[in-house]
Amino acid sequence: MAAESLIEIRDVTKTYGQGETAVHALRGVSLRVEAGEYIAVMGSSGSGKSTLMNILGCLDVPTRGEYWLDGSDVARLSEDQQALVRGRKIGFIFQSFNLIPRTTALANVELPLTYAHLRRGERRKRANRALELVGLADRTGHRPNELSGGQQQRVAIARALATGPRILLADEPTGNLDAHSTDEVLGMFDDLHADGRTIIVITHEHDVAARARRLVQVSDGRIVADEVTR
Amino acid sequence: MSPRDLMGAALRGLTANKLRSLLTVLGVSIGVGAVIVLVAVGNGSGKAVQARLEAMGTNLLTVSTTGGGGGFQRGQAGPAAQQYSLTLDDSAALADKQLAPDVSAVAPVMTSSGATATNGDTSYTVNQVIGTTPEYMTATNTPVGTGASFTQQDVDTSQRVILLGQTTATELFTRPASAVGQTIKLGAVDFVVRGVLASKDSTGFNDPNATAIVPISTLRATQAGYGALSQIVVQAVDKDRVDTAQSEVTQLLTARHKVPATETSPFRITNSAQILQTSQDTAATFTALLATVAAISLVVGGIGVTNIMLVTVTERTREIGIRKALGARRRTILGQFLIEATLLSLIGGAVGVGAALIVTRFQLAGVQPVLVPSSIGLALGVSAAVGLFFGSMPAHRAAGLRPIDALRHE
Ligand SMILES: Nc1ncnc2c1ncn2[C@@H]1O[C@H](COP(=O)(O)OP(=O)(O)OP(=O)(O)O)[C@@H](O)[C@H]1O
Ligand SMILES: [Mg+2]
């Protein structure tokens, strides 16, 4: 029996609304993720992938079921402790980038570092390094509306990576990108995986899923397949 | 997040929408400025009235008669009124050191209004022609500016001499100083201008400079006839003896006019110290009233801050979601918005104070405002409190959102 998993959810359900109009986005999902895994999550639209990911990212809470992260029960963490988890342990990449408007790329990447109480100089340094890593060293002063979609996604990735989180959660990170940008982003994920980080990626594209080591398939709020692919 | 980072985030939030922030600041600054300026105006007008009354002399008593005592039947009012009317003999008796030791100067006063003064082709209707004795000038603090006062001898011999108030002199001669020594007509009678009175500040609605003063004997002979005196002006020897002087005057007059003990005194004695007190009370009420009006505008400014913060929070709900997803704690979000709201009202407060400092250097509605330092502190404090109080509601709302709800906000 291996030691505690990094991520473990047990029989998680998520229901939106009540009574007849209730939507069961998740109908009992259990999943264990060990540290260092690279997992792709696939499934048709509306199957509950994003809902699952939001719960894993501590952005949302399950209606029922347990979520254990790194040995602690997330439901029992205080609001501040959850904020700490979001800021330190998890890097979340949104499908829609979610950069803060009217704020430079550098400031966007600095933000999680600010919330992690890093000093100004250190923040600058790390943010610049993260932007360099995603190939945007020459775009640090640009605001989101001055960047292409691919560049914005790379800023979002840099932001997720800046704090050096152990877990990277990406909800369709390449959904808005062309083949070339997709390749670049996937290359970065490969590097991060090689670096020992845990990556969970939601995608609709098979070639994206093919880069992962494990494929989880979701359908109508349930996990219908879970296999190691490589 | 360090205070400096919080401040930076708040400043960026504010500058993101400059016009809106500016208008909100304006609302608060008008409120703060209004408080300071209006309190200063109230204070200034109170101080001005006080200064004028003090210049008038605080040891002054003015005696007049109400005509008849309260206990009289209607039909008897006529003779009774005559019985109690003030006479030159009363005035002479009050001047008697033996009878009224605390009285230092007494001046009988008769007035006639609406007389027309003429200098060649120029004529002017004098508000009030005062007939009196030279003591009047010292007792009521009415100094002669140019020329000289008339003397007791002028009074005794009913000389046709006249002292002109500033306005009267200006109307008749354009240059007041040139009036001295000239002859004017008052009604149909020629008067020689002895002097021009120094300018007086107004204490009421009437222009105190639209007057002329002549010897009382002359006024009786030429204008007003030999009726009763309008009033007797009495000066107490000292500010602290005003009350004793007042009772001496009352006693003396009651005795002279044989007022029955059962009757309320028909003599009305106004005491300048009392007037001063009354006017100070009035000024305080006035100031409080102005301050209330101003406070209302401050509250309105505060509502402006709340409104803007509500809009800001709603507009930036997604941003709040992003910040929370990136690890921002509730109190960090709360701090950012609270600082934004407080900055808005503090900047507004500072601008308001600055504007008020400038505005209060000028006369407003004829009043020279006098700043009340505590009103500045109060207005600034209130504006900061307004920011905290009014900003906290939307800020709490924002900080309490679950990240996913904030992120899904459209
Ligand atoms: N806030 C919400 N209120 C009500 N229903 C919701 C809410 N969020 C999601 N749902 C519903 O839950 C179900 C799962 O949604 P989810 O976003 O997880 O799908 P998904 O698998 O990510 O789809 P896609 O591939 O299109 O992104 C959907 O039927 C959706 O309509
Ligand atoms: Mg989705």
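Taking the DSSP bridge list for the range B:67-265 and keeping only pairs wholly inside it, about 75 percent are antiparallel. If both residues of a DSSP beta bridge must be in the protein assembly as shown, then about 70% of such bridges are antiparallel. Cα centroids of the range B:81-103 and the range A:84-116: 94 Å apart. If only the Cβ of Lys and Arg carry +1 and only the Cβ of Asp and Glu carry -1, the dipole of chain B around its Cα centre is close to 2420 debye. Which residue fluctuates most in the GNM of chain B (Cα springs below 10 Å): B:T24, B:T58, B:T66? Fluctuation is largest for B:T66. Separation of the range B:196-270 and the range A:8-46, taken as the distance between their Cα centroids, equals 100 angstrom. When accessible surface is computed with a 1.4 Å probe, chains B and A are found to bury approximately 2400 Å² between them, both chains counted.
Sum -39500 (n - 2.57) across every DSSP H segment of at least 4 residues in the protein assembly as shown, then divide by the residue count to get the 222 nm mean residue ellipticity, nearest 500.
Here the helix-only value at 222 nm equals -15000 deg cm²/dmol.
Divided by 2.2 N^0.38 Å, where N counts the residues, the Cα radius of gyration of chain A comes to 1.01.
Karplus-based coupling profile of the range B:83-96, in residue order and whole Hz: 4, 9, 5, 7, 10, 4, 5, 4, 4, 5, 5, 5, 6, 6, with θ = phi - 60° in 6.51 cos²θ - 1.76 cosθ + 1.60 and x standing for Gly or Pro. Excluding ligands, DNA and RNA, the accessible surface per residue across the protein assembly as shown is 46 Å² with a 1.4 Å probe.
The spread of Cα positions in the range B:244-301, taken along each principal axis and listed from longest to shortest, comes to 66, 21, 11 Å. For peptide B:11-23, the mean count of partner chain Cβ atoms within 10 Å of a residue's Cβ comes to 1. Taking each of A:K14/A:K89; A:K125/B:K18; B:K47/B:K97; A:K49/A:K125; B:K97/B:K239; B:K18/B:K324 in turn, the alpha-carbon distance tops 27 angstrom for A:K125/B:K18; B:K47/B:K97; A:K49/A:K125. Sorted into 5 angstrom bins from 0, the C-alpha pair distances of the range A:63-179 split as 2, 12, 21, 22, 19, 11, 8, 5, 1, 0 percent. Could you grab the relative contact order for the range A:50-94? Cα pairs under 8 Å, six or more apart, rounded to a whole percent. Relative contact order of the range A:50-94: 32 percent. DSSP assigns beta bridges within chain B; of those with both partners inside it, close to 80 percent run antiparallel. I'd like the carbon and sulfur percentage of the solvent accessible area for the range B:67-265, probe radius 1.4 Å, heavy atoms only, ligands and nucleic acids excluded. Taking all protein chains in place, the range B:67-265 shows 47 percent carbon and sulfur surface.
Checking every one of the trypsin sites (Lys or Arg not before Pro) in the range B:217-279 against DSSP loop status and a limit of 11 other Cβ atoms within 10 Å picks out B:K258. Volume of the convex hull of the range B:311-410 (Cα atoms only), normalised per residue: 99 Å³. Which number comes out as Rg/Rh for the protein assembly as shown once both Rg and the Kirkwood Rh are worked out on C-alpha atoms? Taking Rh as the inverse mean 1/r over Cα pairs, Rg/Rh reads 1.38. The tail of the calculated P(r) for chain B, taken as Cα-Cα distances beyond 39 Å, holds 47 percent of the pairs. Distant-in-sequence amide contacts of A:R222, defined by a placed amide H-H separation under 5 Å and a gap of 5 or more residues or a different chain, comprise A:R27. Contact residues in the range B:373-402 (at least 30 Å² less accessible area with all protein chains than alone, 1.4 Å probe): B:R402. Think of each Lys and Arg Cβ as +1 and each Asp and Glu Cβ as -1; about the Cα centre, that makes the dipole of the protein assembly as shown roughly 1060 debye.
Based on DSSP H assignment, which helices of chain A show an axial Cα extent of at least 27 Å together with a mean Kyte-Doolittle hydropathy greater than or equal to -1.0? Qualifying helices, which must be both long enough and hydrophobic enough, do not occur.
The contact residues of the range A:49-94, meaning those that lose at least 50 Å² of 1.4 Å-probe accessible area when all protein chains sit together rather than their chain alone, are A:L59, A:E79, A:D80, A:R86.
All distinct Cα pairs of the range B:67-265 go into the 1/r average, and the inverse of that average, the Kirkwood radius, is 18.0 Å. By a 1.4 Å probe calculation restricted to protein chains, B:I296 has an accessible surface near 100 Å², given to the nearest 10.
The values are calculated or read from the model by the stated rules, or taken from the named source; none is laboratory data. Quick caveat, the model's predicted, so the values are computed rather than measured. We place every Cβ from the backbone using ideal geometry, glycine too, and count neighbours over all the protein chains shown. Calculation scope for accessible area: heavy atoms of the full protein, side chains included, ligands and nucleic acids excluded. Shrake-Rupley method; radii C 1.70, N 1.55, O 1.52, S 1.80 Å.
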